[in-house]
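The block underneath contains the structure these notes are about, expressed in structure tokens.
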Amino acid sequence: MRCVALLRNVNQGQRGHPSTADILGAFEDAGCLGAVPFQSNGTVVFEADDPATAAEAVVASIAARAGLERDCFWIPFDDLVSVVDEHGATPDPHRHEFTLHSGGTIDPAHPDVASEAAYRRCELVATGAGWALTRNERDGDGNATPVIERVTGGQATSRGLRTVVRLVDRFATAESRR
């Protein structure tokens, strides 16, 4: 299965962060040969028969290789394509963030969720199993991760919608866009 991994708190090339070599080595250690990094923020396209087990192995390998603990969230590539096909043409993509988390499916209409989002000046536009799409009220804000972490009680990581659109445009085939 083709998937996209988002590693949390990664800025490749910066001190205190895993290197590209560590990340790709971790995917190889997990049996995901041919993993491809996208940008330098811990976004990786990979293939695995069991993505959840592969993600766990990636986390363990990064810890062993770099001495750094990082979370790894993943989504099937086709699911990400569906999100982009539905929301990628929004007139203000620069205000949207795509977030992966391990908190199940979030109900954007739940009063606690709506209240936390409003407090952080954003709204949840769409959600699915382990993901959310958030729209910030102001340009330059990045409120999705703290909102999702607060409402799920777990870790999360986000990427700008424009980044996700570029990723899908680069790696999608005609078959995956149907």
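None of the figures in this text is laboratory data; all of them are computed from the coordinates on show. Just so it is clear, the model here is predicted, and its values are computed rather than measured. Ideal geometry is used to build each Cβ from the backbone, glycine not excepted, and the neighbour counts take in all protein chains shown.
Each residue of the range 40-52 was assigned a 3J(HN,Hα) from its phi angle through the Karplus curve 6.51 cos²θ - 1.76 cosθ + 1.60 (θ = phi - 60°); the sequence is 10, 10, x, 9, 9, 9, 8, 10, 7, 6, 10, x, 5 Hz, with glycine and proline shown as x. Both the radius of gyration and Dmax for the chain are 15.8, 44 Å, in that order, over alpha-carbon atoms. Let me test this: with uniform point scatterers at the alpha carbons of the range 2-70, what is the Debye-based log₁₀ I(q)/I(0) at q = 0.14, 0.24, 0.25 1/Å? One equal scatterer on each Cα of the range 2-70 leads to -0.32, -1.00, -1.09. Sparse packing (at most 16 other Cβ atoms within 10 Å of the Cβ) combined with a DSSP loop state is found for the following trypsin sites (Lys or Arg not before Pro) in the range 1-57: 15.
Here the gap between residue 29 and residue 119, fully extended at 0.36 nm per residue and compared with their Cα-Cα distance, gives a gain of 28.2 nm.
Taken over the Cα atoms of the range 78-171, the convex hull encloses 85 Å³ per residue. Listed from fewest to most Cβ neighbours within 10 Å, the set 158, 115 follows the order 115, 158. GNM on the chain, alpha-carbon springs under 10 angstrom: the most fluctuating residue among 138, 70, 166 is 138.
Looking at the range 40-93, the GluC sites (Glu not before Pro) that sit in a DSSP loop and have at most 13 other Cβ atoms within 10 Å of their own Cβ are 69. Take every Cα pair under 8 Å whose residues are at least 6 apart in sequence, average their separation, divide by the length of the range 78-171, and the relative contact order is 38 percent.
In order along the range 99-109, the Karplus-derived 3J(HN,Hα) couplings, from 6.51 cos²θ - 1.76 cosθ + 1.60 at θ = phi - 60°, round to 10, 10, 7, 10, x, x, 9, 8, 8, x, 7 Hz, and Gly and Pro are given as x.
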